[in-house]
Amino acid sequence: MTEFNLFSKAPNGELHTKWEEYKNNLKKLTPEEANKYKVIVIGTGLAGASASATLAEQGFNVHAFSFHESPRRAHSIAAQGGINAAKNYKSDGDSVMRLFYDTIKGGDFRSREDNVYRLAEISKNIIDQCVAQGVPFAREYGGLLDNRSFGGVQVSRTFYARGQTGQQLLLGAYSALSRQMEKKKVVFYSRHDMLDIVLVNRKAKGIVTRNLVNGKIETHSADIVILATGGYSNVYYLSTNAMASNVTANWRAHRKGALFANPSFTQIHPTCIPVKNDFQSKLTLMSESLRNDGRVWVPQKKNDQRRPTEIPEGERDYYLERIYPAFGNLVPRDVASRRAKEVCDEGRGIGPTGFAVYLDFQKAIDEKGEDFIREKYGNLFDMYQNITNENPYETPMKIYPAVHYTMGGLWVDYNLMTTVEGLFSIGESNFSDHGANRLGASALMQGLADGYFVVPHTAMDFLAKETPLMKDITDRPEFKEAKDKTENEINKLMMVDGKMAVDEVHRELGKIVWDKIGMARTESGLREALSEIPKIKEKFWNNISIPGSDKDVNQELEKALRVKDFIELAELMAFDALDRNESCGAHFREEYQTEENEAERNDKDFKYVAAWDYSENENPKLFREELKYNNVKLKTRSYK
Amino acid sequence: MNINLKIWRQSSGSTKGILKSYRLENIDPNISFLEMMDILNIKLVKEKKDPVAFDHDCREGICGSCGFMINGSPHGPQKATTVCQLHMRAFSNEEDILLEPFRAESFPVIKDLSVDRKAFDRIISSGGYVSTNTGEAPEANSISIKKEYADEAFLSSACIGCGACVAACKNSSAMLFTSAKVSHLSLLPQGQKEGKDRVAKMVATMDEEGFGSCTNTGACSAECPKEIGQVNIARLNQEYISSSLSSLLKKKE
């Protein structure tokens, strides 16, 4: 009998009215009362900027921190394809219930019903909010908003702004944040890395930061702390994440008692530009929206060296269309990625490395014309041509899966609060809504739902029950202790004096994580990872070199502080993947698959969220939250 | 390919900078410019020398973090391309490549090729938004917008705030940046209510921040990696005149 010892605190009641009723019963503060409280927000991407702006509008004094120069540089800006919302503008039978169900099913029945339903409900408000801010979404000739389709669903519910939806949404949230900065309700700290959480009487009451310009270690106190620090895909070294995206803020919170949930649930996006050489620093995504008009194929023959245009139709294998006639090229990401790996492992991959498949637009160009394709995907085609030096209007794109998003993250309850009181986590940094696989165009939706429409209510309720500090408390010993610890750690890193650049160690770590905790996992591979990662850790602490001073801009030190935490996270990912003796969504354990090579879930034993506790010298301890499905029927995902 | 780099090294905003030479051999022409910089920095770290500081993050040409002068052009020789999207095949074997930070009084140097562009945030803060609080929005499709206007607004809003326009301008004017935001919002009904106030405040902030005046040379648009057009500046001027006129009329009243 599995023991469950973690509870979501979601209210009882009817799914459809639960959030509205709960929200109405939450405690409220007037702007005058709210003005007595200070809120720290870490990260100012979609989730952090939208939360900061909204909390400031409510009257709270927000101190927002980012390692970037400006909030507009956050990695949310790179999201291409779009944002889902159950508006049913196309009258194609969409509804909140349908978006809810698609998300639960897409996540392979490993997400929390209550959270996902709330997300689907709120999706509609997000579009209203963004349009009011002036976000220039794509429109039809009649002047109304346009939609397109994304993977894993059969309705058209994705709102978009060419291939730059994330940019436009982030600029919207940034404009709302800027307005509050002008009103002095938000103080923005640019180029600050958060390096520790400070607890006072077991509640999050502040942070330790490093000013990246002058190296100063600073402490800041507040009534609550909200983490909006994104995902940890860069544990793989190569990913589609921006170079500086990291797990450090979350990991430091984890070390201070915040449980880390489902760390091994990492999304491998099927359509990225393949790795070309050893110097590669990052991978570039080609939006999933391309699968609306692009067809995925490989040659039927192994090691077929002919140019794609020389391979006749009859000798091509459009394998997604063949295996999944109902969804075809629009199957969810995990399925498309795994199938690409499979055909490449069979020796049918293309390109110089053999680890790529074609994404072909010829049919769409023939049927709809090149101008139509240019209008819809022009910037993506240009980007592809610029990187690869090949023209995708003439020859098919070469693509291969790459790490893109992390469903795992800090465990949060229904209020988006972590297991540390007063410490909230929103957007990609929490684990909450996507289960074992996220559907396309749902990350922007969750970031903005959490930031604009959930945490402002739940944080206000929490604060209404707290006595406001009303003053700076950084003179308390807890702050001094955390600051000293951070300074000691930096001194220790500066003194390593080895011969390797931090990037080199990071690349070695990434290779292990990709090979053993990537698209396909096995018990023996995971055990190997657990024996290899400590060696990387040793190498890191003995061999890295950080020239220059820590009292100055030092980009090598910044990297070292991040890689140090990635190494510890990688170990936890292996423990998590090893514990989960089933396949679900993006977590594919080769031992657990159906005869048709699909993921084989084990609902009897693993219908839970795995949340891990940190312990310095022992194996992490597992807490389980049972997942209950009262409104959907558990079944095997099928996209055939 | 082999290249000879000359790079501006400046340890902080308060110290003097100098140009230093570095030679790299056997560089694969298919790597990106910043991957070449990574190779240089790993080499420097291994020699226990301070690596070159430069801003970069998404490496997809959208976050606006990267940007420095390459042989006198912001973001280098390739049209409509940020540094991070530039590849070594745009250069020739044995080429001399000069790297300097964006030069503008309003963009103080932080270190080496990294500059502080927070002045741009302050311009946006002074009016680059629609004053609407979360939760107050009407149903999205109750606002109908002609596709042409929405598309035009998108093109203006595609600005990534990298600062190349300022670096390209002989007067270090931020006119293209400011006008892109003014245009984006003035093309849409949501932004029009506050239009007159917005343009006056944003132009005033632009001046306070020390950016120079615009003399319509068009260097900004020519160097803009996102091809933000001169038409935005014309729109700003139109908005600005209309704003000045109406405040003049108000005074007379």
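Ranked by the mean number of other Cβ atoms within 10 Å per residue, highest first, peptides B:91-104, A:2-15 order as B:91-104, A:2-15. Put a dot 7 Å past the Cα of A:S156, heading toward its Cβ, do the same for B:K251, and the two dots end up 5.3 nm apart.
Think of each Lys and Arg Cβ as +1 and each Asp and Glu Cβ as -1; about the Cα centre, that makes the dipole of the protein assembly as shown roughly 1340 debye.
Rounded to whole numbers, the Karplus 3J(HN,Hα) couplings from phi for the stretch B:70-83 are 10, 6, x, 10, x, 6, x, x, 8, 5, 6, 9, 6, 3 Hz, using 6.51 cos²θ - 1.76 cosθ + 1.60 with θ = phi - 60°, and x at Gly and Pro. Filter A:K492/A:K535; A:K465/A:K621; A:K38/A:K483; A:K216/A:K564; A:K28/A:K185 down to the pairs with a C-alpha to C-alpha distance above 22 Å, please. Beyond 22 Å: A:K465/A:K621. With all projection directions averaged, the alpha carbon convex hull of the stretch B:117-252 covers 9.1 nm². Checking every one of the GluC sites (Glu not before Pro) in the stretch B:121-209 against DSSP loop status and a limit of 14 other Cβ atoms within 10 Å picks out B:E136, B:E139. Applying both filters, DSSP loop and at most 16 other Cβ atoms within 10 Å, to the GluC sites (Glu not before Pro) of the stretch A:465-554 gives A:E466. Remark: the protein assembly as shown is approximated by an ellipsoid whose semi-axes, taken from the C-alpha gyration tensor as √(5λ), come to 36, 33, 31 Å, largest first.
Counting Cβ atoms of other protein chains within 10 Å of each residue's Cβ and taking the mean over peptide A:63-73 gives 5.
Packing, as the average of other Cβ atoms within 10 Å across residues, places the peptides A:79-90, B:69-80 in the order A:79-90, B:69-80, highest first.
Need one number: % antiparallel among DSSP beta bridges in chain B, to the nearest 5. Close to 70 percent.
For A:F623, the amide hydrogen comes within under 5 Å of the amide hydrogens of A:A611, A:W612, A:D613, counting only partners 5 or more places away or on other chains and with H modelled in the peptide plane. The protection proxy used here, the mean number of other Cβ atoms lying within 10 Å of each residue, ranks peptides A:491-497, A:408-414, B:27-33 as follows, highest first: A:408-414, B:27-33, A:491-497. Between amide H atoms placed 1.01 Å from N, distances below 5 Å from A:G152 occur with A:V331, all of them 5 or more places distant or on a separate chain. Taking the inverse of the mean reciprocal distance over all distinct Cα pairs, the Kirkwood hydrodynamic radius of the stretch A:477-599 comes to 16.2 Å.
Amide H to amide H distances under 5 Å link A:R637 with no residue, where only residues 5 or more positions off or on other chains count and H is placed in the peptide plane.
Can you tell me what percent of all Cα-Cα pairs in the stretch A:269-404 are more than 20 Å apart? Tail fraction, whole percent: 41. Pairs over the 32 Å Cα-Cα cut-off, from the set A:K276/A:K539; A:K559/A:K607; A:K480/B:K201: A:K559/A:K607; A:K480/B:K201.
Restricting the trypsin sites (Lys or Arg not before Pro) of the stretch B:179-248 to loop positions (DSSP other than H, G, I, E, B) with no more than 12 neighbouring Cβ atoms within 10 Å leaves B:K193. Considering every alpha-carbon pair of the stretch B:87-130, the percent of pairs per 5 Å bin, from zero through the bin containing the longest distance, is 5, 18, 16, 14, 13, 14, 10, 6, 4, 1, 0. Each residue of the stretch A:135-144 was assigned a 3J(HN,Hα) from its phi angle through the Karplus curve 6.51 cos²θ - 1.76 cosθ + 1.60 (θ = phi - 60°); the sequence is 5, x, 5, 4, 10, 7, 4, x, x, 8 Hz, with glycine and proline shown as x. Farthest towards the positive end of the charge dipole of the stretch A:477-599, among the residues A:Q593, A:P547, A:H506, is the Cα of A:P547, using unit charges on the Cβ of Lys, Arg, Asp and Glu. Close Lys pairs in the stretch B:3-111 (alpha-carbon distance under 17 Å; sequence gap of 8 or more, or different chains): 11.
Whole-Hz Karplus ³J(HN,Hα) for the stretch B:111-122, in order, using 6.51 cos²θ - 1.76 cosθ + 1.60 and θ = phi - 60°, x for Gly and Pro? These are the phi-based 3J(HN,Hα) values: 6, 6, 9, 9, 10, 9, 10, 5, 4, 4, 4, 5 Hz. The dipole here belongs to the stretch A:133-254: it is taken about the Cα centre, uses +1 on the Cβ of Lys and Arg and -1 on the Cβ of Asp and Glu, and is about 260 debye.
Readers should treat all values here as calculations from the given coordinates under stated rules, not as data from a laboratory. If you're wondering where the values come from, they're calculated on a predicted model, not measured in any experiment. Backbone-built Cβ (ideal geometry, glycine too); neighbour counts: all protein chains shown.
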